[in-house]
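Have a look at this one.
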Amino acid sequence: DQQVKQNSPSLSVQEGRISILNCDYTNSMFDYFLWYKKYPAEGPTFLISISSIKDKNEDGRFTVFLNKSAKHLSLHIVPSQPGDSAVYFCAASSYNNNDMRFGAGTRLTVKP
Amino acid sequence: DTAVSQTPKYLVTQMGNDKSIKCEQNLGHDTMYWYKQDSKKFLKIMFSYNNKELIINETVPNRFSPKSPDKAHLNLHINSLELGDSAVYFCASSQSEKWAEAFFGQGTRLTVV
């Protein structure tokens with residue numbers, strides 16, 4: 001029962017362009033959403049988060065958008081850099097529950 | 001100066017053996033976790049320890065047992081290993097006020113043969 005889905009296993013973009021990674025969730029109880037980035041042979045690292053009371057959160061080149069009615073969130077990276085090449089995991093949770101659900105990840109490749 | 005370190009990085013063992021994976025965090029966090037990344041690359045939480053108390057235990061076989069000697073350590077013991085236990089296991093830690101913003105170790109790739 002995958003409650004968090006990342007339907008694109010991979011994405012390739014040119015350096016300097018925008019990368020858009022998508023994530024859908026099914027559980028309406030989720031109220032906190034995160035993106036993690038993972039390089040090969042390393043653990044995931046926290047990137048950015050958004051609470052359900054917001055629809056946008058920005059941190060430098062990274063912006064997360066949340067559409068609660070569509071149960072959809074996306075991560076925008078502008079401009080994309082080769083160092084951004086990694087697997088990006090979407091995660092969702094409830095504030096009153098320490099259980100975080102992850103998507104399967106999207107592998108982003110940024111070409112120089 | 002690794003924040004969350006787990007050992008070993010690779011572990012190859014035979015079915016039926018008992019093994020342990022160690023995890024230590026030097027961030028002063030009060031919550032530690034074990035995650036399993038399966039063959040389909042999904043990360044699933046197995047255990048969570050907060051102030052030495054188990055607060056989450058997903059539907060994990062009781063062959064798996066977390067042991068926390070102190071707040072900085074959460075070791076994972078696995079008894080009677082099975083082929084299906086082969087996966088990458090990640091340790092993580094966080095502070096309870098920002099519990100979802102977890103710091104992960106580099107992972108332990110367990111292969112059961």
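The values are calculated or read from the model by the stated rules, or taken from the named source; none is laboratory data. Everything quoted here is computed from the prediction, not taken from an experiment. Cβ sites come from the backbone with ideal geometry, for glycine too, and all protein chains shown count toward neighbours. Note: areas computed on protein heavy atoms with side chains; ligands, DNA, RNA excluded. Shrake-Rupley method; radii C 1.70, N 1.55, O 1.52, S 1.80 Å.
To the nearest hundred square angstrom, how large is the accessible surface buried between A and B, total for both chains, probe 1.4 angstrom?
1800 Å²
Now for a different question. For peptide A:36-44, compute the average count of partner chain beta-carbon atoms within 10 Å of each residue's beta-carbon.
Average per residue, whole number: 5.
What order, most packed first, do the peptides A:85-91, A:67-73, A:3-9 have when packing is the mean number of other Cβ atoms within 10 Å of each residue?
Put in order of decreasing packing, that is A:85-91, A:3-9, A:67-73.
How much accessible surface does A:F30 have with a 1.4 Å probe, in Å² rounded to 10?
In the full protein context, A:F30 sits at about 20 Å².
Next question. Relative contact order for the range A:16-112 using alpha-carbon pairs under 8 Å, separation at least 6, rounded to a whole percent?
32 percent
Shielding by partners for B:43-50, please: the mean number of other protein chain Cβ atoms within 10 Å of each residue's Cβ.
Mean shielding by partner chains, rounded to a whole number: 3.
Expressed as a whole percentage, what fraction of the accessible surface of the range B:7-111 belongs to carbon and sulfur atoms when a 1.4 Å probe is rolled over the protein heavy atoms?
C and S atoms contribute 49 percent here.
Here's something else I'd like to know. Estimate the FRET efficiency between A:T26 and A:V78 by the formula 1/(1 + (r/R0)^6), using the beta-carbon distance for r and 35 Å for R0, to the nearest 0.05.
0.80
What would the Debye equation give as log₁₀ I(q)/I(0) for chain B at q = 0.14 Å⁻¹, counting only Cα atoms as equal point scatterers?
-0.50
At a 1.4 Å probe radius, carbon and sulfur cover how many percent of the accessible area of chain A?
Reported share for carbon and sulfur atoms: 48 percent.
Which whole number in µm²/s is D for the range A:1-108 by Stokes-Einstein, with the Kirkwood Rh taken over Cα pairs at 37 °C and 0.692 mPa s?
It comes out at roughly 237 µm²/s.
Computed over the Cα atoms of the protein assembly as shown, what is the convex hull's projected area averaged over all directions, in nm²?
12.4 nm²
If one computes the Cα centroid of the range B:62-83 and of the range A:16-76, what distance in Å separates the two points?
Using only Cα atoms, the two centres lie 31 Å from each other.
A follow-up question, please. Extent of the range B:17-65 along each principal axis, from alpha carbon coordinates, in Å, largest to smallest?
Cα extents, longest axis first: 32, 24, 19 Å.
Which whole-number value in Å² is the accessible area per residue of chain B, probe 1.4 Å?
Accessible surface, normalised per residue, equals 50 Å².
Give me the residues in the range A:70-112 whose solvent-accessible area, probe 1.4 Å, is reduced by at least 30 Å² once all protein chains are included instead of the chain isolated.
Hits at the 30 Å² cut-off: A:F89, A:N98, A:D99, A:M100, A:F102, A:A104.
Here is a further query. Residue by residue through B:83-90, how many Cβ atoms from other chains fall within 10 Å of the Cβ on average?
If you average over the peptide's residues, the count of other-chain Cβ atoms is 1.
What is the Cα convex hull volume of the range A:3-59 when expressed per residue in Å³?
123 Å³
Label-point separation (nm) for A:S51 and B:Q14, each offset 7 Å from Cα along Cα-to-Cβ?
5.5 nm
Most fluctuating residue of B:S93, B:S20, B:S80 in a GNM of chain B with Cα springs under 10 Å: which is it?
Maximum fluctuation in the GNM of chain B, among the listed residues, is at B:S80.
Please list, short to long, the whole-number percent of alpha-carbon pairs of the range A:69-112 in consecutive 5 angstrom bins beginning at zero.
5, 17, 21, 20, 16, 11, 7, 2, 0
Can you give the FRET efficiency to the nearest 0.05 for A:S8 and B:N26, using r as the Cβ-Cβ distance and R₀ = 41 Å?
Taking R0 as 41 Å, the efficiency between A:S8 and B:N26 is 0.70.
I would also like to ask the following. Before I look further, what does chain A give for accessible area per residue, probe 1.4 Å, in whole square angstrom?
Per-residue accessible area for chain A comes out at 48 Å².
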